[in-house]
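Just below is one structure, and these are the notes that go with it.
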Amino acid sequence: MKTLDHSLSEPAHNLASDEILLDEVNGEQREPVLRFWEPTRHFAVVGYGNSIERECDIKAYSCLRIPILR
């Protein structure tokens, strides 16, 4: 397994990069990779199977300017 230590500037870009890597590994286009990245700001990630309204205090996150991502 390869490792990759690479952080992008936006949390959404890091999540998108992880999804691309996962799709490529699942499609056998790439060998498995363990990616490390460090965010530059706070954010929340809610899985597609969960409800943002149930998992997050949307008003508080908005006031604190914390993005909620999937």
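Take Val45 and tell me if it is in contact (Cβ under 8 Å) with a residue 12 or more places away in the chain, more than 21 Å from Pro67 (Cβ to Cβ), out of contact with any His (no Cβ under 6 Å at 6 or more places or on another chain) and not small (Gly, Ala, Ser).
Judged against the criteria, Val45 is not a match.
Give the number of residues within the stretch 32-56 that are assigned to a loop (DSSP other than H, G, I, E, B), within 18 Å of Leu21 (Cα to Cα) and of a type in the set (A, V, I, L, M, F, W, C).
1
Just the residues that are more than 11 Å from the chain's Cα centre (by Cα) and among the aromatic types (Phe, Trp, Tyr), please, taken from the stretch 22-52.
If the condition is that a residue be more than 11 Å from the chain's Cα centre (by Cα) and among the aromatic types (Phe, Trp, Tyr), then Phe36, Tyr48 are the ones that fit.
Restricting attention to the stretch 5-29, report how many residues are polar (S, T, N, Q) and closer than 19 Å to Arg41 by Cβ.
Residues flagged as polar (S, T, N, Q) and closer than 19 Å to Arg41 by Cβ within the stretch 5-29 amount to 4.
In the stretch 18-37, which residue that is touching a strand residue (DSSP E or B) at 6+ places or on another chain (Cβ under 9 Å) and closer than 26 Å to Ile58 by Cβ is surrounded by the most Cβ atoms within 10 Å (Cβ to Cβ)?
Trp37
Within the stretch 1-31, which residues are part of a helix (DSSP H, G or I) and either touching a helix residue (DSSP H, G or I) at 6+ places or on another chain (Cβ under 6 Å) or of a type outside the set (A, V, I, L, M, F, W, C) (or both)?
Selection gives Pro11, His13, Asn14, Ser17, Asp18, Glu19, Asp23, Glu24, Asn26.
Take the residues of the stretch 15-42 that are polar (S, T, N, Q) and in contact (Cβ under 8 Å) with a residue 12 or more places away in the chain: which is farthest from Arg65 (Cα to Cα)?
Ser17
Taken together, the values in this text are just the output of simple stated rules run on the coordinates, not laboratory data. Just so you know, these numbers come straight off a predicted model, no measurement behind them. FYI the Cβ positions are ideal-geometry reconstructions off the backbone, even for glycines, and counts take in every protein chain you see.
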